[in-house]
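One structure below.
Read-outs: derived from the displayed coordinates by stated rules, not from any lab. Computed from a prediction, not measured in an experiment: that's the story for all the values here. Backbone-built Cβ (ideal geometry, glycine too); neighbour counts: all protein chains shown.
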Amino acid sequence: MRILRLTQEGIRALLTHKLRAFFMMAGTLIGVAALTAIMTISIGTARKLKQQASKWPHDVIKVNAGGGKGYTMPQEAITTLLPADAEAIQDQIDNLVLVTSVAEKRGLSIKGNSRQTGTNVFSIQPNWHEVMNWYIDQGESVTDEDIATMARVCVLGATIREELFGEQDPIGEMVQIGNVHLRIKGILKPRGVGTSGRASDDRILVPLSTALRRLFNQEHLSYIRMTVRDPDKIEDTGEIRIERTAEEVRQLLHERHHITPPQEDDFSIVHSSIVIKDIRSISKTTTVLLIVLAGLSLIVGGIVLMNIMLVSVNERTKEIGLRRALGATRGDIFIQFLDESLAVTVVGIVIGGILGWIVSILLEKYRDLSIGNSWGLFALIVLFALLIGIFSGVQPARRAAKLQPVETLR
Amino acid sequence: MIELVDIDKTYGIGDITTQVLKGVSFCVDKGEYVAVMGASGTGKTTLMNLVGLLDKPTAGRYRLEDNDVVTLEDEALSHLRNRKIGFVFQQFHLLDRANALRNVMLPLIYADRYPEDAEDRAKKALEAVGLADRMHYNPNKLSGGQQQRVAIARALINDPAIILADEPTGNLDSKSGIEILAIFKRLHKQGRTIIVITHDNNVAEHADRIIVLKDGQIAEDKPIMQPRDAETELKELNNKEGQS
């Protein structure tokens, strides 16, 4: 094969100028290595976020106190979200199965069994378990009667129970938050790490009325959580039901809180499609970043390659003239010089790819980053690097092919 | 074998032109050993470039064997150079970073079909010029005479119709020069067609025909009745060295 022999000539020329070949390769190598590492890390991160998002139950709408966009947390300073709002939602919005109100305070001090620790207090209604799909392990939970009488009772999360009581049976024992003594009625099933990434078993559940009046001394809620019947159903208006419902809740609260857009909301609504949208936008940002970095690092590498090749062509005019005299056509010279750029690019891609993987694996091991892989994206990186290599090689190769033997052999 | 008719060559564009060759015509038959002579600036090199298909005449006809080469495109000319012409340059023009064997094989890379016995052929060509023991040396390890012999081996590898040599001894000492001329003489005896371009009488007298160029025209075209014999001269030279 003629083309194989020409490639061989090109590679021989590279091997006799190893340092030059290395500099030609450097840009591609570093660019591909960086891109490969960025790709694995951004895919890993996106996957991690997606896993978190998938924990968000897809029939749930949550109304947080405090404004903001996307995947927000309740804000403690906002006092406008009230139990009456929850009642209005329950009465006026269709297609809701359950509505539950929660007031929470994080990092409160709790005493019990002569020990002391800090925990998060969630004040709940009996239907909280159903809405959260999170039930009692031992004993019993908060009842309607407890709510009505503002009973001094509580349910412990697995972590806090372990911290205060160890192996002992805590049912019927007392704990103290501030000046309020609470009798332990039950223990929650352990759940591990929640959607927000926080340890969810570090909590104590208290009847809503007890918490508002006796513990927190406040009227307002942290959030209202509700489940929607057939959340994916397409309404007659063409909207998805959960999105339609969320919009209705928003309008109701606008009315109740006397908010007229563009005035800012004093609450924020979260549901699964918002969470997924958020994560998509995060992935999109990383993808854009990837492409920009791809452009820069590889284009710079390509420019370096092109310049070294141009210098090389100028240095080798005699050699080119000789080859032409001995029978090389313009095409032969073109292919041979393009092959030099291509060979360098291909080797740079291979080494860069391997290097990128090594870096990713090291980062995963020592920096607690998740990594992932997409052969499609990797192929895109390779393709892009190749295109840059070809593009950078064409100009010098054309210049080499244009040289006239008569002029170069003097 | 080759036939040039009324060849003109003009350099330059517009008003500032120089006509280097004016109506040059001659034929060379198969097996001839021709020296093209002339002082510098008489168009020797231009003629060599034309005969070697490295350049095209401004006017005139040139037949190389059955090919009317003036009408041919660049690619066809490249193929013809590869098959029909073996160049020997004053500056040798070897690839520095390749050994003698690879230098000799270089034209085969551009041949239509790469011969399977390429390496054997290159070895034989190097043996023919007396460099059997230098095959794996790079040019910088070889003397000028040896480098020129590598170049001749390279010129022979594709079994060309013409050996075209431009001042082949110009960069060599006299003994190496005689060695090169002895090789030419031997090739001539084997029936090769050789055209040597030179300004040096001592080189030209080894040919059996001399064409003298003057101001871009052929001033003289004459046979040499008793050409010098480089092979004999080389033997005498070696004997003399042996005695002293």
**OP:** Taking the dipole about the Cα centre of segment A:79-265, with the C-beta of Lys and Arg at +1 and of Asp and Glu at -1, give me whichever of A:SER123, A:LEU108, A:TYR135 is farthest to the positive side.
**Re:** A:LEU108
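Over segment A:79-265, calculate the relative contact order: mean separation of alpha carbon pairs under 8 Å at least 6 apart, over the residue count, as a percent.
Working: 349 pairs, mean separation 54.4, N = 187.
Computed value for segment A:79-265: 29 percent relative contact order.
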**OP:** Just subtract the alpha-carbon distance of A:LEU383 and A:LEU296 from 0.36 nm times their residue separation and send over the number in nm, one decimal.
**Re:** 29.8 nm
Original post:
Residues of segment B:180-194 with amide nitrogen under 19 Å from the 7 Å Cα-to-Cβ point of B:LYS235?
Top reply: B:180-191
**OP:** Sort out for me the Cα centre separation of segment A:29-54 from segment B:61-87, rounded to whole Å.
**Re:** 59 Å
**OP:** Just subtract the alpha-carbon distance of A:GLN90 and A:GLN395 from 0.36 nm times their residue separation and send over the number in nm, one decimal.
**Re:** 102.7 nm
Subject >> Set of lysines with alpha-carbon distance to B:LYS9 below 20 Å, sequence-local pairs under 8 removed >> reply: B:LYS22, B:LYS44, B:LYS56, B:LYS214
Original post:
Pulled fully out, how much extra length does the chain show between A:HIS254 and A:LEU15, if you take 0.36 nm times their separation in residues and subtract their Cα-Cα distance?
Top reply: 78.7 nm
**OP:** Hey, can you grab everything whose amide H is under 5 Å from the amide H of B:GLY60? Only 5+ residues off in sequence or another chain; H modelled, so Pro and N-termini drop out.
**Re:** B:ASP8
Original post:
By counting other Cβ atoms within 10 Å of each Cβ, how are A:VAL249, A:VAL346, A:VAL311, B:VAL104 ranked from fewest to most?
Top reply: A:VAL311, A:VAL346, A:VAL249, B:VAL104
Subject >> Proxy reagent accessibility, fewest Cβ within 10 Å first, across A:CYS154, B:CYS27 >> reply: B:CYS27, A:CYS154
**OP:** Express in whole angstrom the spacing between the alpha-carbon centres of segment A:117-147 and segment B:8-31.
**Re:** 107 Å
Original post:
For B:SER143, what is the net charge nearby, where nearby means another residue's Cβ is under 12 Å from its Cβ and Lys, Arg count +1, Asp, Glu -1?
Top reply: +2
**OP:** Give the total of Lys-Lys pairs in segment A:79-265 with Cα-Cα distances below 22 Å; include a pair only if its members are 8 or more places apart or on different chains.
**Re:** 4
**OP:** Could you please rank B:PHE92, B:PHE184, A:PHE384, A:PHE391, placing first whichever residue has the fewest other Cβ atoms within 10 Å of its Cβ?
**Re:** A:PHE391, A:PHE384, B:PHE92, B:PHE184
